[in-house]
Amino acid sequence: MKPTEILGINTICTHTGKIVDNQFKGAISPLYMSTSYAFTDVEMKRYPRYFNTPNQKALAIKIAALEHAEDALIFGSGMAAVSTSLLAFLHKGDHIVLQQTLYGGTFNLVVEEFKKFGIEYSFTKDLKKASFEEKIKKNTKVIYIETPSNPLMTITDIRMVVALAKEKGIVTMIDNTFASPVNQNPIDLGIDIVIHSATKYMGGHSDILAGAVAASSEHIEKIWQLAKNFGGSLSDYTVWLLERSMKTMGIRVKAQNRNAKRLAKYLENHKDIAKVYYPGLKSHSDYALAKTQMKGFGGMLSFELREGLDAQLFQKHLQLIKSSMSLAGLESTILSPFLTSHALLGAEEREKQGIKDGLLRFSVGIEEKKDLIADLEQALLKLDK
Ligand SMILES: *Cc1c(COP(=O)(O)O)cnc(C)c1O
């Protein structure tokens, strides 16, 4: 068999990291639920909180292969992955630069918790090079980005950030959740540490809460030192379910890419839609940049109804597409950032970030395009009356 780097994505999803069932020759990885393992010469201490059970180790191989990394760790949530990775590289007196538009949970972690650890932080004004540059200080140890970002699908120039950081010996971290490894492999562009909320595209069925980090063996070792003390590992049963889900990640996400692109075009041409934000549309301000670093444009988009149409009422009229907080499942979902994910930001900050009250964020599922379009069409028609 070829080394995993040259295997195609669907082959990695299906096969890489599988545990061979030598006892019964079953088709799938056996599930090892033990929390207690006899001592052996090879692995002295096998224990779920040490991230080294058979199922944890096997799935880490798949995730590392998908992100072109040497190693990976699987966590109990995306936020466990984010917090453990950040705190592994930041000590008292250190400073971090984070991009301005971030997942709400990450933003809260920084502003609510970092002070008590004595960690300094700065958020960039926007995503331009100068904004990152002006925030870097002598004690900056980490630059943290997220692209595409929520909810306007802005794109951060990964190569630009890597170049800035490399010059100064700063560690780079990216939240790659929205793209998934199917659409973006930041390690190929020089990023040090790639973080995922596996609750989203990796899980993909809205039934798993999990996180993952992929990086060099050296960086993973450093994160692991903290991870085993913080205790944010994922139960083996859920690890096993996540492996099952990830077998179809490639085909799911590619279907979501195709659906999202079609729907973005439909919405863009609709008289009742004022604006569509999708990095795969030529009209998106970051389209050219997205093309240089993404293999596909993802299943997330957002849009604004034209002036005078009620976004809340529109959501109520939708029948197939459900209003829901999470994203990246097989099923299409929609939400109002103003009322949910970005409610706590306040009107002024939302205005600054360009998030209008009528903005809707759409997580495109794998349903048939024509059915999704029909649902949007009937809901818009009802508003027009
Ligand atoms: C959901 C999400 C997270 C947090 O993940 P959890 O699994 O909910 O802890 C982090 N980043 C992004 C971009 C997310 O969408």
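The values are calculated or read from the model by the stated rules, or taken from the named source; none is laboratory data. A quick note: this is a predicted structure, and the numbers were derived from the prediction, not measured. We place every Cβ from the backbone using ideal geometry, glycine too, and count neighbours over all the protein chains shown. Accessible surface is based on the protein model in full, side chains and every heavy atom, while ligands, DNA and RNA are left aside. Shrake-Rupley method; radii C 1.70, N 1.55, O 1.52, S 1.80 Å.
Taking the range 199-317 and the helices (runs of 4 or more DSSP H) fully enclosed by it, the elements with 1 or more residues that are within 16 Å of the ligand (Cβ to nearest atom) are at 217-230, 236-246, 249-268. If you check ASN229 against the conditions, is it open to solvent by 20 Å² or more (accessible area, probe 1.4 Å), polar (S, T, N, Q) and at pLDDT 95 or above? Taking the combined requirement at face value, the residue satisfies it.
Only a single item in (1) more than 15 Å from the chain's Cα centre (by Cα); (2) open to solvent by 10 Å² or more (accessible area, probe 1.4 Å) is not met by SER206, and it is number (1). Taking the range 111-122 as the range and being under 30 Å from LEU301 (Cα atoms) and within 16 Å of the ligand (Cβ to nearest atom) as the test, the residues that pass are VAL111, GLU112.
In the set ILE145, ILE155, ILE187, only one residue is buried (at least 17 other Cβ atoms within 10 Å of the Cβ), farther than 25 Å from ILE334 by Cα and modelled with pLDDT of 95 or more; that residue is ILE187.
Going through (1) surrounded by 20 or more Cβ atoms within 10 Å (Cβ to Cβ); (2) at pLDDT below 95 one by one, GLY104 falls short only on (1).
Evaluation of ALA69 against the conditions (1) away from the ligand (no atom under 16 Å from the Cβ); (2) outside any helix (DSSP H, G or I); (3) of a type outside the set (Val, Ile, Thr); (4) open to solvent by 30 Å² or more (accessible area, probe 1.4 Å) shows that the sole unmet condition is (4). Scan the range 318-352 for residues that are part of a loop (DSSP other than H, G, I, E, B), within 16 Å of the ligand (Cβ to nearest atom) and over 20 Å from the mean Cα position of the chain (by Cα) and the total you get is 0.
Could you check the range 111-124 and list, in sequence order, the residues that are outside any helix (DSSP H, G or I), surrounded by 14 or more Cβ atoms within 10 Å (Cβ to Cβ) and not polar (S, T, N, Q)? Matches in the range 111-124: ILE119, GLU120, TYR121, PHE123. Every residue in the range 135-165 that is within 14 Å of the ligand (Cβ to nearest atom) and among the small types (Gly, Ala, Ser), please. Answer for the range 135-165, where residues must be within 14 Å of the ligand (Cβ to nearest atom) and among the small types (Gly, Ala, Ser): just SER149.
One line per residue, one yes/no per condition, for (1) assigned to a helix (DSSP H, G or I); (2) within 16 Å of the ligand (Cβ to nearest atom); (3) under 25 Å from the mean Cα position of the chain (by Cα):
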{"position": "LYS25", "(1), (2), (3)": "no, no, no"}
{"position": "ASN52", "(1), (2), (3)": "no, no, yes"}
{"position": "SER85", "(1), (2), (3)": "yes, yes, yes"}
{"position": "THR101", "(1), (2), (3)": "no, yes, yes"}
{"position": "LEU109", "(1), (2), (3)": "yes, yes, yes"}
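Among the residues here, THR140 does not qualify as within 27 Å of SER341 (Cα to Cα) and of a type in the set (S, T, N, Q).
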